[in-house]
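For reference, the structure discussed in these notes is given below.
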Amino acid sequence: INGFTIFGIEIRFYGILIALAFIIGLFMAIRFCKEKGYNENLPYSLILIVFPSAIVGARLNYVLFTLDKGWTFVEILKVWNGGLMIYGGIIFSVVAIAIYCSIKKISFLAVLDMLAPILILGQAIGRWGNFFNQEAYGSLITNESFQWFPFGVWIEKSHFTSEALNQVVDFYGTSNVSGAWFNATFFYESIWCFGGFVLLFLLYKKTNIKEA
């Protein structure tokens, strides 16, 4: 189950998690700005900059890595059909923030310092979207002792990648399976990101930069 429908509109859990990450990030930025004495309007300006640039960057990143799909301009615009990659979103957002800081004459590094723990927390939250979408998993788990969550994750056959299917055929000798257990790499990354968030958060709280 990767979502639900309200009034004929499909709502995906991945999208809900991304929206949640943005909301939490905004409230954290507001708190940080108050604590550091930054302009109180900075968080709202940043969200207006980051949100669209992240969507554009993430979409273009996905399109560039899937050119074999023969994209048309109209299809590229249909982001609601899925297809976003975080790396492009981060790159475009950082560039947009750099331009904004240059125009407003504020410290780009101070702003990045503030956003670092927020970004990694958002990544930790967003990775759980992979659980609902049954994606971003690792190699096949053949030892039954490790076929349990969160060490592994059960993936339906319809969500097998070509590599995953090859691993299943090599081990079971057939592709006639309903699904299989794979390493829950999305979960591993989420835990590492949460740990990174705690570290960056504590470090940021100890700094006394007031240049933004």
Using the crude model of +1 on Lys and Arg Cβ and -1 on Asp and Glu Cβ, and no other charge, please compute the dipole size for the chain relative to its Cα centre, in debye to 20. 900
In a Gaussian network model of the chain with springs linking alpha carbons closer than 10 Å, the residue among LEU109, LEU77, LEU119 that fluctuates most is LEU77
Semi-axes of region 119-172 from the Cα gyration tensor (sqrt of 5 times each eigenvalue, largest first, whole Å) come to 23, 14, 9
Top to bottom by accessible area (1.4 Å), largest first, where do ARG31, ARG59, ARG127, ARG12 land? ARG31, ARG12, ARG127, ARG59
Span per principal axis, largest first, for the Cα atoms of region 103-200 (Å): 63, 29, 19
Which percent of Cα pairs goes in each bin when the distances of region 2-110 are cut into 10 angstrom slices starting at zero? 13, 36, 32, 16, 4
For GLY3, residues with placed amide H under 5 Å, excluding near neighbours: PHE13
Please list the three semi-axes, largest first and in whole Å, of the ellipsoid equivalent to region 155-212, using sqrt of 5 times the eigenvalues of its alpha carbon gyration tensor. 44, 10, 8
Sequence of LYS69, LYS206, LYS36 when ordered by accessible area, the most exposed leading, probe 1.4 angstrom: LYS206, LYS69, LYS36
One computes Rg over Rh for region 42-165 from alpha-carbon atoms, with the Kirkwood Rh, and obtains 1.07
Reduced to Cα centres, the span from region 108-123 to region 1-70 in Å works out to 14
Taking every Cα atom in region 58-117, find the radius of gyration and the maximum pairwise distance Dmax, and write them in Å. 15.0, 43
Whichever lysines have a C-alpha closer than 24 Å to that of LYS78, once near sequence neighbours (fewer than 8 apart) are set aside: LYS69
List the lysines whose Cα sits under 26 Å from the Cα of LYS205, skipping any in the same chain fewer than 8 residues away. LYS34, LYS36, LYS104, LYS105
Work out the P(r) tail for the chain: percent of alpha carbon pairs separated by more than 30 Å, whole number. 35
Among ILE47, GLY70, THR5, flag the residue with its Cα farthest along the positive direction of the charge dipole of region 1-79, charges on Cβ as +1 for Lys/Arg and -1 for Asp/Glu. ILE47
If you rank THR207, THR5, THR66 by how much accessible surface each has, with a 1.4 Å probe, what is the order from largest down? THR5, THR207, THR66
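The values are calculated or read from the model by the stated rules, or taken from the named source; none is laboratory data. All figures in this text were calculated on a predicted structure; none of them were measured in a lab. For neighbour counting, all protein chains shown are included, and Cβ atoms are generated from backbone atoms with ideal geometry for every residue, glycine included. Ligands, DNA and RNA are stripped out before the accessible areas are found, and what is left, the full protein with its side chains, is counted by its heavy atoms. Shrake-Rupley method; radii C 1.70, N 1.55, O 1.52, S 1.80 Å.
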